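No value in this document is a laboratory result; all are computed from the given coordinates. These figures come from a predicted structure and were not determined experimentally. With ideal geometry, Cβ positions are generated from the backbone for all residues, glycine too; neighbour counts draw on all protein chains shown.
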Amino acid sequence: MRITLRKLIFWPHLISGIIAGVVIAIMSITGVAIAFEHQLLDWADRDSRQVQVPAPDAARLPIDELLARVRAARPEAQPSGVTVYPEPTAAVLVSTGRSSGVYVNPYTGEVRDQGAQGWRKFFHVMEEWHRWLGAQGDNRAMGRAITGVCNAAFLFLAITGLYLWWPRKWTMKTVRPTLWFRGGLRGKARDFNWHNVIGFWSLPVLIVLTATGMVISYKWASDLVFTITGNTPPATQGPPSAAPVKVPPPLEGAKPLGLDALFTEARKQAPAWENISVRMGGGPRGNAPQGRGPQGQGPQALAFSIRETGAWPLFASTQVSLDPFTGQVLRRETFADNNLGRRLRTWMRFLHTGEALGWMGQLVAAIASLGSVLLVWTGFALSWRRFFPRRQARASASEEASTTTEQSEPTA
């Protein structure tokens, strides 16, 4: 039997698809499910996020007072961050965990739960299956390893699929059947047509989704982004975080400023701000003692993240670190200030979800993910017919004979 390059590529393509197909389908289905998570949750929270302004000149409660109201209303919850919005009718969001929080009326201090708890649980489950195949606890490492390998297999399938699709001769007759769906087809011909058409149109997006997934899954892939751009890779996996900012020793007896004063200083750094968030995990108002960092490590700067209206990229933000005792700006860093490796790594994080290009990018990513589910289905169907052709032939012959017999039987 003559071995050609096409056969050498086809069989690894086929075997990889069979082995990784189920996991690829799970990641694709869950990817579609969580494609518009943020928009749906924002829509579900629309009532909780809106407040009534008592009067045009109504005074807002201090943010420290709002945090005290949250602690009183939710003793089991520890505030970990605050997000404020410029609209007078917008509530203040107080984060109490990675994906949990409450809304607080800035005029009355009323604490409101986030809406659509059922939707939040649904998205949480979908994310667990997308990342770890639903594994819990110590089993998550195994689940993450499996999804990482299957994502790499999907990238291999996309690249080899392009070669297998590539026509030997570029003519309208050879290209047309693989560029659009053909009507009247059944069985193997239909599956082959669907597999090629969906693969062709989804290929550019799927390569981006799987390649960026590799960067998210593997530290060596993330480090490679920095290495090829001539930058030193960060020590930890994931999007790089800014180095800690040292705070000058405060004067004897100095006390931290109120959060309102610090937010006022942060607003000056970006007049056209869309929202401003502050992390409080290790600052004066987090779990640490007043004015001290974790385990008495000394004063910690408060890091503010500022999203600006009309910013580009859409996910860009300005990071401002303030001295909690004086309000002095200790560091100000925009997206453009980052080195090329860090900028590319951040782009890849948001290209993976499509958010880098807004809702249109999310829609394209969702459609491509849905197409990959059909690629798995048609790929399995074609593989079944390849490995079990005789059984299908006998079944078809049996059905044909049965139909002939029924048609020849006399009617009552």
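Descriptive notes on the structure:
- Were the residues from T309 through A272 laid out at 0.36 nm apart, the gain over their Cα-Cα distance would be 12.7 nm.
- Simple label model, 7 Å out from Cα along Cβ direction - R144 to Q117, nm: 2.9 nm
- For the range 115-167 versus the range 338-369, the spacing of their alpha-carbon centroids is 17 Å.
- Considering only alpha-carbon pairs that sit under 8 angstrom and 6 or more positions apart, the relative contact order computed for the range 46-114 is 35 percent.
- Dipole axis of the chain (+1 Lys, Arg; -1 Asp, Glu on Cβ), positive-most option in A58, T232, S95: T232
- In degrees, nearest ten, helix 358-387 long axis to first principal axis of the chain (Cα): 30 degrees
- Placing a label point 7 Å from the Cα of F200 along the Cα-to-Cβ direction, the residues of the range 1-42 whose backbone N falls under 20 Å from that point are 6, 10.
- Both numbers refer to the Cα atoms of the chain; Rg and Dmax are 28.0, 108 Å.
- Relative to the longest principal axis of the Cα atoms of the chain, helix 117-132 runs at roughly 60 degrees.
- Extension gain, L340 to Q78, is 90.7 nm, computed as 0.36 nm per intervening residue step minus the present C-alpha separation.
- Cross-link partners for K255 among the lysines, with Cα-Cα distance under 23 Å and sequence neighbours closer than 8 places in the same chain left out: K246, K268.
- Debye-sum result for the range 82-191 in log10 I(q)/I(0), which assumes one identical scatterer on each alpha carbon, at q = 0.11, 0.14, 0.21 Å⁻¹: -0.72, -0.83, -1.12
- Projected label distance in nm at R2 and L164, using a 7 Å step from Cα toward the beta-carbon: 2.1 nm
- Highest mean packing first, where packing is the average number of other Cβ atoms within 10 Å per residue, the peptides 64-71, 186-193 line up as 64-71, 186-193.
- The relative contact order of the chain comes to 19 percent, based on Cα pairs under 8 Å that sit 6 or more residues apart.
- Extending 7 Å from Cα along the Cβ direction at A235 and again at K173 yields two label points whose distance is 6.6 nm.
- Packing around the peptides 214-223, 356-365, taken as the average count of other Cβ atoms within 10 Å per residue, puts them in this order, highest first: 214-223, 356-365.
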